[in-house]
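Enquirer: For reference, the structure I am asking about is given below.
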Amino acid sequence: MTAQDVTTALPPPGDFSTVEALVRTLSGQASIGIFLSDPEGRTLYLNERLRRIAGLPVVPTPGECWRNALAPEDHDPICSEWSGATNAERSFSREFRFRRPDGSLRWVMAEAFPLRSGGGPSGGYVGIVRDITPRQLALDALHASEERYRTLAQQSPHAILVHADSAILFINEAGARLFGLATAHPIEGRPLWDFFPKEFLHDLPLAEAAPSPSVERQLVRPDGTVIDVELTAAPVMFDGHPAVQILGTDITERKVIAGQLHRAKKMATVATLAGGIAHEFNNCLTAIMGFSDLALPSLVPDSRVHGHIQQVVLASKRARDLVTQMLMVGRQADGAKQPLSLDILLKETLRVLKMKLPESISLREWIPGATNPVLADPSQIHELCLNL
């Protein structure tokens, strides 16, 4: 390896004419814009790249040439800041826009530094200008996308919450309602744990490429009400930074309905079991009623045993009606309606009721006479009378 001392080849300190020549030579092929100005900020030189960025003519007017290309909205504030920097002999750094002759806008990042000899006054400025239009367009597209996201999220009926580093970045109105948060006070920017217990949002599964599995959690709102919430989390970019989006759905009513459905299924099972028992019991009643009917003709009509057997027959008929009701519960039979005389049915009901009551209670009947027939299920009317 060989080395050569090139110190003598560099321009001596304070030789700004040589510096200008060096800058002109190096900047001719540079991929960024470069300019030189005098101590008052008037342009002495700009390279071809800056001329193309700003859309200046081939032979630009010296002095304020690059400032003449500023977008009208940026002209006054940028010129004011540039004058302030040159007057104070300090560096200048700013983003702004050039409006080119064809009407297009180019975003640039400009930086300028004073040229000094030792600790003396500024002998002018050297500046660089980078075209940041692609980056700015990407940022504008990102901001527009985020604005659309905010608009859609605010209109969503589902709760949407975005957070990063344990701080709330965004929550829509549906989320504030679901979680019981008062919107009268600022929510965004505050810590998550001001509103939620740590175990509520802790360790939610995140899926990079596909929706993450949902998790059911129970939340106690600030007003004390308890709700069941289904949460789904996913990574998102928000304001240009990674964040976590949480989608929340109130499933309290759904769980109540699911519980009711579960109980209904259990009742259906019980009804099926009751139907099976009713069929077996009906077989027993058939034997009781059959043998009672066979025994009655062989007994003295007014004897005590004859009356007992008649009560067995009546009780068996009532039991048969109860079996019919059990089959109706099990959806295995429909109640049959038939013409009934309520006075006769009421007398039979009172006779059964007297047998069930203790001796200390007496019943007195007062039935005016025959009533008009009605169309009804005898077992249901009998049960109704007993309940009364």
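Enquirer: Taking the stated definitions as given, is ALA258 over 17 Å from the mean Cα position of the chain (by Cα) and either surrounded by fewer than 16 Cβ atoms within 10 Å (Cβ to Cβ) or part of a strand (DSSP E or B) (or both)? Walk me through how you get there before you give the answer.
Expert: Numbers: over 17 Å from the mean Cα position of the chain (by Cα): yes; either surrounded by fewer than 16 Cβ atoms within 10 Å (Cβ to Cβ) or part of a strand (DSSP E or B) (or both): yes.
Yes; evaluated as a whole, the condition is true for this residue.
Enquirer: Applying the selection to region 91-127, what residues are of a type outside the set (Phe, Trp, Tyr), at pLDDT 90 or above, touching a strand residue (DSSP E or B) at 6+ places or on another chain (Cβ under 7 Å) and surrounded by fewer than 18 Cβ atoms within 10 Å (Cβ to Cβ)?
Expert: SER91, SER93, ARG94, GLU95, ARG100, LEU105, MET109, GLU111
Enquirer: Which numbered condition in (1) touching a residue at least 40 places away in the same chain (Cβ under 8 Å); (2) in a strand (DSSP E or B); (3) loosely packed, with under 12 Cβ neighbours inside 10 Å is the only one that GLU216 fails?
Expert: (1)
Enquirer: Considering region 27-42 alone, what residues qualify as being touching a strand residue (DSSP E or B) at 6+ places or on another chain (Cβ under 8 Å) and farther than 16 Å from PHE98 by Cα? Steps first, please.
Expert: Filtering region 27-42 down to residues touching a strand residue (DSSP E or B) at 6+ places or on another chain (Cβ under 8 Å) leaves 27, 32-39, 41-42.
Across region 27-42, the qualifying residues are SER27, LEU36, SER37, ASP38, PRO39, GLY41, ARG42.
Enquirer: Sticking with this one: Which count do you get for residues in region 277-311 that are closer than 17 Å to LEU322 by Cβ and without any contact (Cβ under 8 Å) to a residue 12 or more places away in the chain?
Expert: Within region 277-311, residues that are closer than 17 Å to LEU322 by Cβ and without any contact (Cβ under 8 Å) to a residue 12 or more places away in the chain number 5.
Enquirer: Still on this structure, please answer the following. Tally time: how many residues in region 271-287 are surrounded by fewer than 16 Cβ atoms within 10 Å (Cβ to Cβ) and more than 60 Å from the chain's Cα centre (by Cα)?
Expert: 3
Enquirer: Separate question: Of all residues in region 288-311, count the ones that are exposed (fewer than 15 other Cβ atoms within 10 Å of the Cβ), assigned to a helix (DSSP H, G or I) and among the β-branched types (Val, Ile, Thr).
Expert: 1
Enquirer: In this structure, does GLU230 turn out to be within 20 Å of LEU161 (Cβ to Cβ), in a helix (DSSP H, G or I) and assigned by TED's automatic domain parsing to the domain that holds ALA182? Give the steps one after another, and end with the answer.
Expert: Details: within 20 Å of LEU161 (Cβ to Cβ): yes; in a helix (DSSP H, G or I): no; assigned by TED's automatic domain parsing to the domain that holds ALA182: yes.
Considered against the rule, which asks whether it is within 20 Å of LEU161 (Cβ to Cβ), in a helix (DSSP H, G or I) and assigned by TED's automatic domain parsing to the domain that holds ALA182, GLU230 comes out as no.
Enquirer: Only one residue in GLY276, GLY259, GLY307 is more than 21 Å from ILE381 (Cα to Cα) and modelled with pLDDT of 85 or more, so which one is that?
Expert: On the way: GLY276 fails: modelled with pLDDT of 85 or more; GLY307 fails: modelled with pLDDT of 85 or more.
On inspection, the qualifying residue turns out to be GLY259.
Enquirer: So, one more: Among all residue pairs at least 6 apart or on different chains, which show Cβ distances below 7 Å where the first residue, located in region 75-101, is part of a helix (DSSP H, G or I) and the second is among the charged types (D, E, K, R) and modelled with pLDDT of 90 or more?
Expert: Qualifying pairs under 7 Å: ILE78/ARG94; GLU81/ARG94.
Enquirer: Right, next: Would you be able to tell me the number of residues in region 130-162 that are out of contact with any strand residue (DSSP E or B) (no Cβ under 7 Å at 6 or more places or on another chain) and assigned to a loop (DSSP other than H, G, I, E, B)?
Expert: So the answer is 2.
The values are calculated or read from the model by the stated rules, or taken from the named source; none is laboratory data. If you're wondering where the values come from, they're calculated on a predicted model, not measured in any experiment. Positions of Cβ are generated from backbone atoms using ideal geometry, with glycine treated the same way; all protein chains shown enter the neighbour counts.
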